Amino acid sequence: MYLETVLLRNFRNYQEAKLSFHAQNNIIYGANAEGKSNLLEAIGYLSLATSFRDGSDRQLLRWDAPFFYLQGNVIGKNKMTQIAAGFDGKKKIWKIDGQAKRKLSEVLGNFYTVFFCPDDLQLVKASPQIRRRFLNREMVQLQPSFCHILNRYHKVLQQRNRLLMQGFAVDQMVLASFEEQLAELAAEIYDHRLRFLQRMNEKVYEMHMHLSKEKEQLQMAYSSFLPQDQMKQMDQQDLKKAFLKKLKEIRPQEMKRQTTLLGPQRDDLLLFIDGKNAKQFASQGQMRTIALSLKLSELSFIEEETGEYPALLLDDVMSELDLSRREQLLHLLDGKVQTFITTTDINFQFVRGKQFFVENGSIIEK
Ligand SMILES: Nc1ncnc2c1ncn2[C@@H]1O[C@H](COP(=O)(O)OP(=O)(O)OP(=O)(O)O)[C@@H](O)[C@H]1O
Ligand SMILES: [Mg+2]
């Protein structure tokens, strides 16, 4: 699928911009602070109903403007969809093909995007929380029902943690009554995650092989309360039993620390380059390529699930890759995926496409 046109009104530093894009490559160039990332943010907003920069809709309003409005025409294999999004300072308004929509589930799924920016380096470097969030988001985008399981688990976890705050005074019977439910949901999450990771591992491996010109092997492993290989052999019932057993073992520690020390909320995704832990040993450039491989694996996931590739938004990525990796990336995308690339200077070749020059909130097609 691809975004054919977009209209921005009062969005960030744009008063009004109307653009028509190329179905493959779109290069958005200009100096710093002119509005390149803001344009990608608007495109991403039409897809995810939220900004990829963590922030409220209010921040997206052009200084002092009473509303913003975005509209995009998306061309899919068999249909064209018009997506419109507005915000008046209080309420979000959504329209799909002119019809107002209330539910997020009706808005999502009309236009898929994958976004990559230099901050994604954190996926390799930062704490496990970042990788868990990435994994959860990835899974929710492809299996929206996974969101309910996560929410239910976190509710029970919160209740249990509240009890544990009582320390050694906690009623053991009440505590135990939460554990059954917690273990049930934890097992469901483990089961989903392990199956998802198995598929993802293959895609990430292939992607990284390609980007590194067959030089590096990237592998992922799930780090939890049991070794991954053991967990993979277990069904949900076995996982639940093992989880309950472990919970009993660590209960004295939990009462001392006054929080739940076990579960999907504490696990990690380990990344290995040629068998070595990337967090400790990978170079900056390798980390960047790993993060890119993780994100780009989403392209083929979405294609498998929906029959179409999403649009790819690459913010400031090119200048950070060496020539060989840059070429591999462009070669991989060429022709298959609509791509939006922001850059301060065009120092790479691309075959088909359009170029847009951005200056102080106005965009000129070159
Ligand atoms: N709500 C807003 N209203 C008006 N201007 C805004 C708003 N939010 C951000 N800006 C301004 O938009 C400008 C451009 O931001 P943007 O992040 O798109 O720059 P950029 O072209 O990607 O630059 P860089 O090359 O540094 O990444 C910034 O100067 C910022 O102050
Ligand atoms: Mg930028």
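The values are calculated or read from the model by the stated rules, or taken from the named source; none is laboratory data. This is a predicted model, so every value here is computed, not measured. All Cβ positions, glycine included, derive from the backbone under ideal geometry; neighbour counts span all protein chains shown.
In this structure, E106 does satisfy being charged (D, E, K, R), more than 13 Å from ligand 1 (Cβ to nearest atom) and assigned to a helix (DSSP H, G or I).
Take Q82 and tell me if it is away from ligand 1 (no atom under 13 Å from the Cβ) and closer than 19 Å to Q355 by Cα.
Values: away from ligand 1 (no atom under 13 Å from the Cβ): yes; closer than 19 Å to Q355 by Cα: no.
No: the conditions fail for Q82.
Do we have any residue at all in region 295-302 that's farther than 24 Å from E202 by Cβ and part of a helix (DSSP H, G or I)?
Step one: list which residues in region 295-302 are farther than 24 Å from E202 by Cβ, which gives none.
Within region 295-302, not a single residue is farther than 24 Å from E202 by Cβ and part of a helix (DSSP H, G or I).
For region 83-116, a tally of residues being within 19 Å of the chain's Cα centre (by Cα) and buried (at least 19 other Cβ atoms within 10 Å of the Cβ) returns 8.
Which of the residues belonging to region 281-317 are in contact (Cβ under 8 Å) with a residue 24 or more places away in the chain and within 17 Å of K77 (Cβ to Cβ)?
Of the residues in region 281-317, the ones in contact (Cβ under 8 Å) with a residue 24 or more places away in the chain are 282, 284-302, 305-317.
Within region 281-317, L299, S300, I302, E305, T306, G307, E308, Y309, P310, A311 qualify.
If you go through region 117-148 and keep only what is surrounded by 15 or more Cβ atoms within 10 Å (Cβ to Cβ), without any contact (Cβ under 8 Å) to a residue 60 or more places away in the chain and within 21 Å of A49 (Cβ to Cβ), you end up with N136, M139, V140, F146, C147. S105 meets each of the listed conditions (1) among the hydroxyl-bearing types (S, T, Y); (2) closer than 27 Å to A23 by Cα; (3) without any contact (Cβ under 8 Å) to a residue 12 or more places away in the chain apart from (3). When region 45-65 is filtered for residues that are near ligand 1 (Cβ under 9 Å from one of its atoms), of a type outside the set (D, E, K, R) and surrounded by 10 or more Cβ atoms within 10 Å (Cβ to Cβ), the ones remaining, listed by number, are Q59, L60, L61, A65. Restricting attention to region 29-82, the residues that are on the phi < 0 side of the Ramachandran plot, away from ligand 2 (no atom under 16 Å from the Cβ) and under 18 Å from the mean Cα position of the chain (by Cα) total 5.
In the condition set (1) more than 9 Å from ligand 1 (Cβ to nearest atom); (2) free of Cβ contacts under 8 Å to residues at least 40 places away in the same chain; (3) buried (at least 20 other Cβ atoms within 10 Å of the Cβ); (4) within 30 Å of G307 (Cβ to Cβ), N26 is compliant with all but (2). The condition (being away from ligand 1 (no atom under 16 Å from the Cβ), touching a Lys or Arg at 6+ places or on another chain (Cβ under 8 Å) and of a type outside the set (A, V, I, L, M)) is satisfied by just one residue among F11, F68, F21: F21. Residues that are within 16 Å of L211 (Cα to Cα) and surrounded by fewer than 15 Cβ atoms within 10 Å (Cβ to Cβ) were ranked within region 298-326; the one that is nearest to ligand 1 (Cβ to nearest atom) is S319.
Checked against (1) within 16 Å of ligand 1 (Cβ to nearest atom); (2) at pLDDT below 90; (3) not β-branched (V, I, T), N360 passes all but condition (2). For region 328-355, the candidate set comprises residues that are modelled with pLDDT of 90 or more and over 26 Å from the mean Cα position of the chain (by Cα); within that set, the residue that is farthest from ligand 2 (Cβ to nearest atom) is K354.
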